[in-house]
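Asks: After the structure tokens below, expect a handful of questions from me.
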Amino acid sequence: MAWVFSGVVLDGAAGDRVVAGTGEPEELPGRYALAGLVDAHAHPTVATDERGPYLADGAYGAARLEDYAASGVTVIRDAGGLSQVTVSFAGTAVAGRPVVTAAGRFLAPAGRYFPRMHVPVAPDELIAAIQAEVAAGAAWVKIIGDFPRWEEDGPVPGTTAATYDLGCLRQAVDAAHAAGARVAVHSNLPDSGLAGIGADSIEHGRALGHRELEALGARGGAWTPTLCAMLQHRDSPDPAARARAGELRERLRDCLPYAVAHGVRVLAGTDVAGTIAEEIALLAGHGLTPGQAIAAAGSLARDFLGIHPAGDIVTYDQDPREDPGVLASPAAVVVRGVRVR
Ligand SMILES: [Zn+2]
């Protein structure tokens, strides 16, 4: 089947007609189309229960990939998980399944990450661990750059600190690059120096300041603010939590457009909260134009990741630039020539 879209093609793609697949032509519903959406911070192998996040199995991951596809996501950057599963997703093209680029395992020392999500990596083991992940097929490396101390009962409030020292991290980033991989670093502390270790993307980055964003932009780096996750308490019944979220939102409304203006590639990533449609709407609600917010999950993300699959079309009945909420209800989704919705 050759799926045909005729209408308004958005986000930099040219023309008013797109065809995906081969064979008998069939018209898709919808009046507006994107060449697929990119979730640049996803965890297909991470599940959550009452004790928090944990690493699930390959069947869970495969089912999650189907959910992503149905939501219009056709490219995923896995930001850490069960390495053998995510790396095998990345290495195996399956019809109708999003393209995956995988970051392998979460890299953090003992007591500085969710205990069910990682096997601890001591500072003197970090480079070897990175080389092993890349040799196994990881195109990205995920380093937890700062995190609260984790004890029996969970994270200890007020203990967020660097996990590895900056010298160790610089060597780790260099080793990843030498092995041919790129580096994503989880960072939430202000002025931690993590923006300066040469990592390709900063994940979360809730405390990034102007000087760090300027440096990140100058070297073509990316920032995935994961707003669905970062702002998950924005409607909390607890007034103190709501007030903290409100302060953060003010900062983001300043820092996100500042980042874009200074060359930072702002990427849309859902983490383990929310949907790509919500993430794009939040980006548009915190200082990006609707076009920039869509590009964060579209053309800009594909260019940054260097992934441009053929045969992806997502269509909508209304214009998502007028109302990003439209992105929650695609009229049709075609993933590499296969219609999945
Ligand atoms: Zn994450």
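The values are calculated or read from the model by the stated rules, or taken from the named source; none is laboratory data. Quantities reported herein were computed from a predicted structural model and do not represent experimental measurements. Don't worry about glycine lacking a Cβ; one is built from the backbone with ideal geometry, like all the others, and counts go over all protein chains shown. Please note that ligands, DNA and RNA were not included when accessible areas were found on the heavy atoms of the full protein model with its side chains. Shrake-Rupley method; radii C 1.70, N 1.55, O 1.52, S 1.80 Å.
Asks: Per residue of the chain, what 222 nm ellipticity follows from adding -39500 (n - 2.57) for every DSSP H run with n ≥ 4, rounded to the nearest 500?
Replies: It lands at -9500 deg cm²/dmol.
Asks: So for the chain, taking the charge dipole from beta-carbon charges (+1 Lys/Arg, -1 Asp/Glu), which of A273, G61, A295 sits furthest toward the positive end?
Replies: Farthest towards the positive pole: A295.
Asks: What residues from the stretch 238-271 fall in the zone where the backbone N is under 12 Å from a label point 7 Å along the Cα-to-C-beta line of H210?
Replies: Output list for this probe position: 254-255, 258-259.
Asks: Just want to confirm a number: the relative contact order over the chain, from Cα pairs under 8 angstrom separated by 6+ residues, in percent.
Replies: Answer for the chain is 20 percent.
Asks: Still on this model: If amide hydrogens are placed 1.01 Å from N in the peptide plane, which non-local residues have theirs closer than 5 Å to the one on G193?
Replies: none
Asks: Hey, any idea what the orientation-averaged projected area of the convex hull of the stretch 165-245's Cα atoms comes to, in nm²?
Replies: The Cα convex hull of the stretch 165-245, projected and averaged over all directions, gives 6.1 nm².
Asks: Among the helices of the chain (complete DSSP H runs), which have Cα atoms covering no less than 24 Å along the helix axis and a Kyte-Doolittle mean of at least -0.5?
Replies: Helices meeting the span and hydropathy rule in the chain are 239-261.
Asks: Extent of the stretch 180-313 along each principal axis, from alpha carbon coordinates, in Å, largest to smallest?
Replies: The Cα atoms of the stretch 180-313 stretch 46, 38, 25 Å along their principal axes.
Asks: If each of A110 and A122 carries a label point 7 Å out from its Cα toward its Cβ, how far apart are those two points in nm?
Replies: 0.8 nm
Asks: Right, something else. Restricted to Cα positions, what overall size does the stretch 54-151 have along the principal axes? Three whole-Å values, descending.
Replies: Result for the stretch 54-151: principal-axis Cα extents of 41, 28, 19 Å.
Asks: Of the beta bridges DSSP finds with both residues in the stretch 194-341, what % are antiparallel, to the nearest 5?
Replies: Beta bridges within the stretch 194-341, antiparallel portion: roughly 50 percent.
Asks: Could you tell me what % of all Cα pairs in the stretch 1-96 have separations over 20 Å?
Replies: 48 percent
Asks: Let's test the formula: R0 of 56 Å, r as the Cβ-Cβ distance of D317 and Q171. What FRET efficiency results, to the nearest 0.05?
Replies: Plugging the Cβ-Cβ distance into 1/(1 + (r/R0)^6) gives 0.60.
Asks: State, as an integer percentage, the relative contact order of the stretch 289-341 based on alpha-carbon contacts under 8 Å between residues 6 or more apart.
Replies: 32 percent
Asks: Take peptides 264-271, 2-9 and line them up by average Cβ neighbours within 10 Å, highest first, as a rough protection proxy.
Replies: Ranked by mean Cβ neighbours within 10 Å, highest first: 264-271, 2-9.
Asks: What ratio of Cα Rg to 2.2 N^0.38 Å holds for the chain?
Replies: In units of the globular-protein estimate, the chain measures up at 0.97.
Asks: Relative contact order of the stretch 177-327, please, whole-number percent, based on alpha carbon pairs below 8 angstrom and at least 6 residues apart.
Replies: Here the relative contact order equals 18 percent.
Asks: Here is a further query. Using θ = phi - 60° and the Karplus relation 6.51 cos²θ - 1.76 cosθ + 1.60, list the HN-Hα couplings for the stretch 9-23 in order, rounded to whole Hz, with x at every Gly or Pro.
Replies: 8, 9, 6, x, 6, 8, x, 10, 8, 10, 10, 10, x, 10, x
Asks: Under 1.5 on a/c is rounded, so check that first for the stretch 269-341, then, if it is not, pick prolate when a/b is larger than b/c and oblate when it is not; a ≥ b ≥ c are the square roots of the alpha carbon gyration tensor eigenvalues.
Replies: It is oblate, given that a/c is not under 1.5 and a/b is not larger than b/c.
Asks: For a test of the definition: using alpha carbon positions, the gyration tensor, and the 1.5 limit on a/c, classify the stretch 133-180 as rounded, prolate or oblate.
Replies: oblate
Asks: Moving on to the next point. Under a 10 Å cutoff between Cα atoms, tell me which one of D78, D191, D146 has the largest fluctuation in the Gaussian network model of the chain.
Replies: So, out of D78, D191, D146, the one fluctuating most is D191.
Asks: Starting from the stretch 261-341, pick out the GluC sites (Glu not before Pro) whose DSSP state is loop and whose Cβ has at most 15 other Cβ atoms within 10 Å.
Replies: E322
Asks: Rolling a 1.4 angstrom probe over the protein heavy atoms, how many square angstrom per residue are accessible across the chain?
Replies: Result: 41 Å² per residue.
Asks: Now, a different point. Could you give the nm distance between label points at A261 and A93, where each point is 7 Å from its Cα heading toward the beta carbon?
Replies: Once both label points are built, they end up 4.3 nm from each other.
Asks: Further question on the same structure: Going highest first, how would you order 225-232, 207-214 by mean Cβ packing within 10 Å?
Replies: 225-232, 207-214
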